[in-house]
1. Under 11 Å from the 7 Å Cα→Cβ point of residue 417, by amide nitrogen: which residues of the stretch 302-323?
2. Once the Cα atoms of helix 462-478 and of the chain are each reduced to a long axis, what angle between those two axes, in degrees from 0 to 90 to the nearest 10, is obtained?
3. Quick one: Karplus J couplings for the stretch 200-210, per residue in order, coefficients 6.51, -1.76, 1.60, θ = phi - 60°, nearest Hz, x for Gly and Pro?
4. Straight-line reach only, C-alpha to C-alpha below 13 angstrom: list the aspartates and glutamates that residue 376 could link to, leaving out same-chain residues fewer than 8 apart.
5. Restricting to DSSP loop positions (anything but H, G, I, E, B) with no more than 15 other Cβ atoms inside 10 Å of their own Cβ, which chymotrypsin sites (Phe, Trp or Tyr not before Pro) remain in the stretch 210-299?
6. At R0 = 60 Å, how high is the FRET efficiency between residue 150 and residue 490 if r is their beta carbon distance? Nearest 0.05 is fine.
7. If you add up the charges near residue 461, with Lys and Arg at +1 and Asp and Glu at -1, over every other residue whose beta carbon is less than 13 angstrom from its beta carbon, what do you get?
8. Counting only Cα atoms, I'd like the Rg/Rh figure for the stretch 5-281, Kirkwood definition for Rh.
Amino acid sequence: MRLDLSTLDNLPPAVDTPKYDPRLIGVGIVHLGIGAFHRAQTAVFSDDALAIERADWGICGVSLRSADVRDRLVPQDGLYTAVEKSPAGTRRRIIGSVREVLFLGDQRDAIRTRLLEGQTRIVSLTITEKGYCHNPATGKLNPAHPDIAHDLAHPEAPKSAIGLIAGALDARRLSHGRAFTVLCCDNLPHNGALVRGLVLAFAELRDPALARWIAEQASFPSTMVDRIVPATTDADIADNDAALGLHDAAPVVHEPFKQWAIEDNFVDGRPAWDRVGAQLVADVAPYEAMKLRLLNGSHSALAYLGFLSSREYIYQVVADPVFVAYMRRMMEEVAPSLAVPQGVDLRAYQDALLQRFQNPALPHRTQQIAMDGSQKLPQRLLGTVRDNLAARRPIDLIALAIAGWMRYVGGVDEQGRDIAVADPLAGEFKRLAARHRGDPAAWVRALLGVRAVFGDDLPADERLVAKLVHWLEALVADGAQRTVAAAVARS
C-alpha cells in the first residue's frame with residue numbers, strides 16, 4: 001500500500017498527520033523548485049499554519065528541470081513524510097500542505113493557468129543559487145545565459161524561473177490586473193531585492209511598460225531560511241516505509257532546528273506563518289548575513305577541507321577537534337562583519353551551529369555541500385573577505401576556506417583521484433586546471449580571473465592573493481588535515 005489520502009488512517013499512532021483535511025484546502029501559493037529543502041522547511045511552516053487557520057493557502061509545487069518529484073508525489077495526493085532526526089531519536093509527520101505538483105516539461109499550460117489565477121497570491125522559490133541566471137559577483141541578470149536568451153526570444157515558453165515569473169505577471173497585468181508576491185527562499189544576500197532586480201531587468205528587455213507595472217504592483221520580500229536538509233537516500237526511504245507500514249516515495253529528512261525570517265511585505269495576504277514560529281520582521285538583512293556568513297560559510301569551509309581530508313560526512317569532520325577549533329576561529333574572523341540582530345546571543349548561536357553540525361543522525365555529505373561553489377562563494381565567504389579587507393581585519397581562516405575550494409575545483413584529490421566537480425562553471429575550471437595544475441600561484445591567479453565569482457576588486461588585492469597562494473601551496477604540499485592544524489596553531 002502507498003501513502004495517500006485514503007491511507008492516512010492506517011498509519012501508526014506515533015506518526016503525526018495533518019490537523020486539517022487537505023482535500024478542503026485550495027491553492028494560494030505556487031512554489032517553483034519543489035525539492036527536499038522546501039518540503040522540509042517552508043512547506044512545514046505552511047502545514048502548521050493551515051492547522052490553525054484553514055484558509056486557501058495550499059501549495060502547488062512546480063518542478064522546473066525534472067519530473068521525478070512530480071511522479072513521486074502525485075500518486076500520493078501530495079502527501080509525504082517529514083522525518084526529523086537527532087541524537088534524541090526520530091520523529092515522523094505527514095505533511096499535507098502540498099496540494100498539487102506539476103512539471104514544466106509537460107504541464108506548461110496547467111502551470112500558466114495556476115500562475116494566472118487570482119487565487120494565486122504568492123509565488124515562492126527554492127531553485128538554488130544557480131537557478132537565477134545571474135552574475136553571482138554583481139547580482140545582475142546575465143542576458144547571455146542560455147535560458148534567459150531563450151525566454152526573451154520565446155516568451156510563450158519560458159525555461160527559467162525569472163522568465164516564468166515575468167511572463168505570469170505580464171499575463172495578470174493584461175487580464176485581471178492583480179500582481180502577486182514573489183518570495184525567494186534561497187541563500188542569496190538581500191534575496192528579495194536581488195530577485196526583484198532580476199525580474200525587472202528581464203521585464204525591461206521584454207517590455208518597459210511591464211517593468212514599470214511590476215515595480216509598482218508586485219512585492220519581493222527578503223527572507224532568511226535555515227534548516228539542515230541532507231539528500232534523501234534509498235535507505236531513508238526503506239526505513240521510513242518500515243516505520244509507516246506504507247510506501248512513501250518522497251520522504252524528506254531534516255534536523256529539529258528550523259528558522260524563517262521574512263520581511264512583512266505582501267501585496268495580497270499571506271498564511272499565518274507568524275503564528276507558527278516564523279519571524280515577520282521589518283529588516284531581514286541582519287538575520288540573513290549572520291546565517292550566510294556563519295552557518296553557510298562554515299558549512300562550505302568544512303565541506304571543502306573535510307572532503308579533501310577524506311571525510312564523507314560533515315559530522316565526521318567536526319568529530320575532529322582540529323576542525324572544531326578551525327570552525328570556531330573562522331567564525332571569530334566573521335563575527336566583526338555582522339550587525340547582530342537585537343536579542344541574539346552570537347556566542348550561543350555559534351555553539352548551536354557546532355552542535356547542529358555534530359548531529360550523527362543526520363549524515364550530510366561534504367560533496368553535496370560542495371556543489372555549485374562558484375554560485376555560493378560570493379555570499380558565503382567573499383562578502384566577509386571584502387568587509388574585513390576594507391577594515392584591515394584578519395582574513396587568514398576565511399582565505400584557507402577559499403583555498404580549499406580552489407584545491408577542490410582543481411578536480412583531483414589528495415590521493416590523485418578525480419573529483420566529480422558539480423558546478424555550472426566546472427567546464428571552465430577543468431580547462432584552467434589543464435593549464436595551471438602543478439603551479440599553485442598560477443592556479444590562484446587563474447581562478448581569481450573568473451570575474452563572475454570574484455568580481456574586479458578581489459583579484460587586485462595583493463593581501464588576499466598572497467594568503468590564497470600561501471594556503472593553496474600548503475594544501476598541495478601537506479594536505480588538508482596538516483594545513484588546518486597548522487592554521488589553528490598559528491591563529
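1. Only 310-312 pass the distance filter.
2. 80 degrees
3. Computed from phi, the couplings for the stretch 200-210 are 5, 5, 5, 4, 4, 5, 8, 6, x, 5, 5 Hz.
4. 129, 186, 423
5. Details: sites: 213, 257, 260, 266, 273, 287; in loops: 257, 266.
Counting only loop positions with at most 15 other Cβ atoms within 10 Å, the chymotrypsin sites (Phe, Trp or Tyr not before Pro) in the stretch 210-299 are 257.
6. On the way: r = 51 Å, r/R0 = 0.84.
For residue 150 and residue 490, the calculated efficiency is 0.75.
7. Values: positive: 386, 392, 445, 463, 467; negative: 387, 456, 457, 462.
Overall, the nearby charge balance is +1.
8. Values: Rg = 18.4 Å, Rh = 19.1 Å.
A ratio of 0.97.
FYI, it's all coordinate maths here, none of it is from the lab. As the structure is a computational prediction, the values presented were derived from the model and not from experiment. Cβ: placed from backbone, ideal geometry, glycine included. Neighbour counts: every protein chain shown.
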